[in-house]
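To keep things clear, I will list the structure first and then write my remarks on it.
The values are calculated or read from the model by the stated rules, or taken from the named source; none is laboratory data. Computed from a prediction, not measured in an experiment: that's the story for all the values here. A quick note on method: Cβ atoms are made from the backbone with ideal geometry, for glycine too, and the neighbour counts reach across all protein chains shown.
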Amino acid sequence: MVIQDRPLVTMTSRLSDALRAATADDRALQIVTPPTTRLTLPTRTALLGHPNRWVVQDPEHGFYDGLSGAVLPWKGGIFTPALDENGAASVAEAFKATTGIGERQLVLSLRTRHPADEDLVLGHAVEAAWQHLTGTSPAGWSTAEPVNLPWNTRQLTDLARNRAPRPTWLIAVGRPDLPAIATARVTRTPAGVEEDITLTLGYSKDGTPPLDAIAPLAEVLCTDHGLTTMLTSLRAARHDLTVPPHFEVPPIPVSFTLGAGELRDVGLGRALRPPLGPAPVRLGPATEPALHYPLGDGTGPSTWNALQQLSQYLMRTS
């Protein structure tokens with residue numbers, strides 16, 4: 001258990017070490033904060049693995065989970081959800097209180113795969129997405145917060161190579177005037193070297209997320225950077241990319257991209273006939289095509305149903 005009485009909890013090297021040690025010992029990491037605290041996106045991402053928790057101590061409502069809202073009584077040496085007779089967790093009133101601020105976040109969740117050869121340089125997919133959507137490259141990178149290294153794809157590649165076959169977790173950040181942050185997990189697999197990347201960009205009430213740029217970006221990633229899949233979504237959330245301890249509306253899908261390698265496994269004929277929504281857009285060369293599926297503009301929650309049906313359709317092999 002780590003008690004943090006500060007406005008913002010970042011994924012420092014010390015906190016990262018605590019999480020790593022807890023995981024190695026099959027234990028949970030529980031961060032306890034006051035209700036005025038917010039998390040950075042890397043900290044939130046790190047805590048998503050069960051049974052890690054963000055425990056908020058509210059003076060009027062007791063303890064609750066800052067990400068799910070579940071009321072958390074202390075039991076058996078750990079904070080654990082209070083369940084009703086149906087096995088459902090009770091949600092704290094403090095978690096339910098939300099106010100619309102008109103700010104949004106554009107979220108790209110993508111995976112790339114590369115041959116594991118000595119000439120491989122990682123980080124180019126993140127860099128391409130950053131440049132395409134903001135006009136600039138990432139400002140810095142690190143394995144913890146605060147990020148203190150200038151952006152350098154060769155250096156982060158060397159680090160991941162030296163740590164292999166162990167995975168490497170990285171953070172990239174942008175300029176203060178263009179809120180953007182990415183986390184990437186680099187893993188050596190039998191198929192090669194994979195990057196699992198989540199890039200999030202923040203937009204104020206007057207900002208407009210560049211949804212028209214997603215399809216051209218998807219083509220660049222498929223053609224030049226080994227993209228296997230990419231899900232793009234839009235959510236109502238703070239443009240400074242911090243996470244408050246109250247309910248936030250889930251992201252709404254905008255599009256899904258299927259890379260050339262994954263498309264070969266599904267079959268072009270099948271993938272061109274999705275069960276719902278508009279026909280996919282072909283990307284890349286005719287000999288190695290990829291497909292981009294537009295799902296919506298990020299305002300209709302019903303697109304989750306379309307995405308679910310599309311995913312199930314693409315996963316079926318017969």
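Brief remarks on what is shown
- Any hit, the range 209-217, residues being at pLDDT below 95 and in the same structural domain as residue 143 (by TED's automatic domain parsing): no
- The range 105-129, residues that are assigned to a strand (DSSP E or B) and in contact with an Asp or Glu (Cβ under 9 Å, 6 or more places away or on another chain): 109, 110, 111, 112, 113, 114
- Every residue from the range 181-218 that is free of Cβ contacts under 8 Å to residues at least 60 places away in the same chain and in contact with a Phe, Trp or Tyr (Cβ under 7 Å, 6 or more places away or on another chain): 185
- In the range 241-318, counting only strands (runs of 3 or more DSSP E) that sit wholly within it, the ones holding 2 or more residues that are in contact (Cβ under 8 Å) with a residue 40 or more places away in the chain, of a type in the set (A, V, I, L, M, F, W, C) and assigned by TED's automatic domain parsing to the domain that holds residue 228 span 252-258, 281-283.
- Residue identified as in the same structural domain as residue 196 (by TED's automatic domain parsing), over 18 Å from residue 2 (Cβ atoms) and not β-branched (Val, Ile, Thr) among 118, 85: 118
Quick grid of which residues meet (1) surrounded by 17 or more Cβ atoms within 10 Å (Cβ to Cβ); (2) within 30 Å of residue 43 (Cα to Cα); (3) of a type outside the set (A, V, I, L, M, F, W, C):
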{"site": "237", "(1), (2), (3)": "yes, yes, no"}
{"site": "240", "(1), (2), (3)": "no, yes, yes"}
{"site": "245", "(1), (2), (3)": "yes, yes, yes"}
{"site": "248", "(1), (2), (3)": "no, yes, yes"}
{"site": "255", "(1), (2), (3)": "yes, yes, yes"}
{"site": "258", "(1), (2), (3)": "yes, yes, no"}
{"site": "263", "(1), (2), (3)": "yes, no, no"}
{"site": "278", "(1), (2), (3)": "no, no, yes"}
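- Flag for residue 207 being touching a Lys or Arg at 6+ places or on another chain (Cβ under 9 Å), among the small types (Gly, Ala, Ser) and surrounded by fewer than 17 Cβ atoms within 10 Å (Cβ to Cβ): yes
- Selection within the range 145-173 - small (Gly, Ala, Ser) and at pLDDT below 95: 164
- Test: residue in the range 96-104 that is part of a strand (DSSP E or B), more than 16 Å from residue 197 (Cα to Cα) and under 18 Å from the mean Cα position of the chain (by Cα): yes
- Residue count, the range 1-52 (criterion: farther than 21 Å from residue 201 by Cα and assigned to a helix (DSSP H, G or I)): 12
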